[in-house]
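The values are calculated or read from the model by the stated rules, or taken from the named source; none is laboratory data. The structure presented is a predicted model; accordingly, all values stated were derived computationally and were not measured. As a convention, Cβ positions derive from the backbone with ideal geometry for all residues, glycine included, and neighbour counts pool all protein chains shown. Surface areas here come from the heavy atoms of the whole protein model, side chains and all, with no ligands, DNA or RNA. Shrake-Rupley method; radii C 1.70, N 1.55, O 1.52, S 1.80 Å.
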Amino acid sequence: MYEDWDRLYAEANLLNVPRVEGEISCFGMGGSGVVCDILSAFYPLVKDMKFADAVIAVSYSGNTTETLQVVRRALSMDKRVIAITSGGILSTLPVEKVLVRGGEQPRYAFPFLFLPLVKMLRPDLVREVIDSVNAMEAKRVAEDLLSHVRGKIPVFYASTYLGLAKRFKQEINENAKYPAFFGEIPEVNHNEVEGYAHGDSLYPVVFSSSEVDEVTARLVNARVIRVSGMRDVSLLIQSAGFLSVMLAREMGEDPTKLTRIPEGRRLVERIGG
């Protein structure tokens, strides 16, 4: 599932993307939207799109209700909207489109969604993203983490690289059908760290890039993974995939199968009308 990401990145690198500049807002849900969270460590994204010069909407299926609602609101505000999608309803709306190949689960198609965003906002980092993909090394990192996570509930923490922590959490939830959580530093230092007085079932991991991250790690006795730039991030994203699949196999779960998420989507579609 994650072994061929070098091929997927090479394919994604052939895509043409529009030029964007100024204040950018980026939105998506789940395995699509996390690309925005990860890139926010490398490009200052605007949270409120009313202040944005352009809105980038990421939806692999093109049918995500929440993303479509945001796009329609952005269009009503006469915003420039760029969609990264494989098709669906999103591709029929009057927006600029980066059309990617479909047929995968969004979490497996991460390279198709992430690299176009990098090409638009940080083209200088494209080579680092691609060159850092290494299945053998990513599996080594995953196997080491699995030896510690086994029998525990992993909790991932970060400040600058919060999107990376979120990605690990998502992958474990979806592929292994297993509980995992993430938290933002320094906020967790003012509340969540107290929970470790009775947190024997938890296994905390801190993606550290600052002294404040190291403080959190000491407070909860966390495993520390130091991150310094896109090369580390790219490798660790691949590691997250391998870790989740390894855990899925140990749990006897099919990482490709989803049951509750599709039902949730159907229910949300009814609410959205």
Checklist entry - Is it true that some residue in region 125-143 is over 27 Å from F51 (Cβ atoms), touching a strand residue (DSSP E or B) at 6+ places or on another chain (Cβ under 9 Å) and not aromatic (F, W, Y)? => result yes
Checklist entry - Just a yes or no: is a residue in region 146-159 surrounded by fewer than 21 Cβ atoms within 10 Å (Cβ to Cβ), under 21 Å from the mean Cα position of the chain (by Cα) and either without any contact (Cβ under 8 Å) to a residue 24 or more places away in the chain or part of a helix (DSSP H, G or I) (or both)? => result yes
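Conditions tested, residue by residue: (1) among the basic types (K, R); (2) touching a helix residue (DSSP H, G or I) at 6+ places or on another chain (Cβ under 9 Å); (3) open to solvent by 40 Å² or more (accessible area, probe 1.4 Å).
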residue: H190; (1), (2), (3): no, no, yes
residue: V212; (1), (2), (3): no, yes, yes
residue: I237; (1), (2), (3): no, yes, no
residue: T259; (1), (2), (3): no, no, yes
residue: G264; (1), (2), (3): no, no, no
Item to check | Scan of region 53-112 for residues that are touching a helix residue (DSSP H, G or I) at 6+ places or on another chain (Cβ under 6 Å), among the hydrophobic types (A, V, I, L, M, F, W, C) and either closer than 15 Å to V34 by Cβ or surrounded by fewer than 16 Cβ atoms within 10 Å (Cβ to Cβ) (or both), ordered by number | outcome: A57, V58, I84, F112
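Every residue, every condition in (1) closer than 20 Å to Q170 by Cβ; (2) at pLDDT 95 or above; (3) out of contact with any Phe, Trp or Tyr (no Cβ under 6 Å at 6 or more places or on another chain); (4) not aliphatic (A, V, I, L, M), yes or no:
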residue: H190; (1), (2), (3), (4): no, yes, yes, yes
residue: V206; (1), (2), (3), (4): yes, yes, no, no
residue: E214; (1), (2), (3), (4): no, yes, yes, yes
residue: R223; (1), (2), (3), (4): yes, yes, yes, yes
residue: L236; (1), (2), (3), (4): yes, yes, yes, no
residue: M246; (1), (2), (3), (4): yes, yes, yes, no
residue: E253; (1), (2), (3), (4): yes, no, yes, yes
residue: T256; (1), (2), (3), (4): yes, no, yes, yes
residue: I271; (1), (2), (3), (4): no, no, yes, no
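For region 160-188, name all the residues that are open to solvent by less than 10 Å² (accessible area, probe 1.4 Å) and β-branched (V, I, T). First the steps, then the outcome.
We begin by selecting, within region 160-188, every residue open to solvent by less than 10 Å² (accessible area, probe 1.4 Å); these are 163-165, 167-168, 171-172, 175-176, 180, 183, 185, 188.
Listed by number, the residues that qualify are I172, I185, V188.
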Checklist outcome for this item: Of the residues in region 33-52, those that are open to solvent by less than 10 Å² (accessible area, probe 1.4 Å) and of a type in the set (G, A, S) come to G33, A52
Checklist entry - What are the residue pairs meeting all of these: first residue in region 49-65, first residue at positive phi, second residue open to solvent by 20 Å² or more (accessible area, probe 1.4 Å), Cβ atoms under 7 Å, and 6 or more apart or on different chains? => result G62/S86; G62/G88; G62/I89; G62/S91
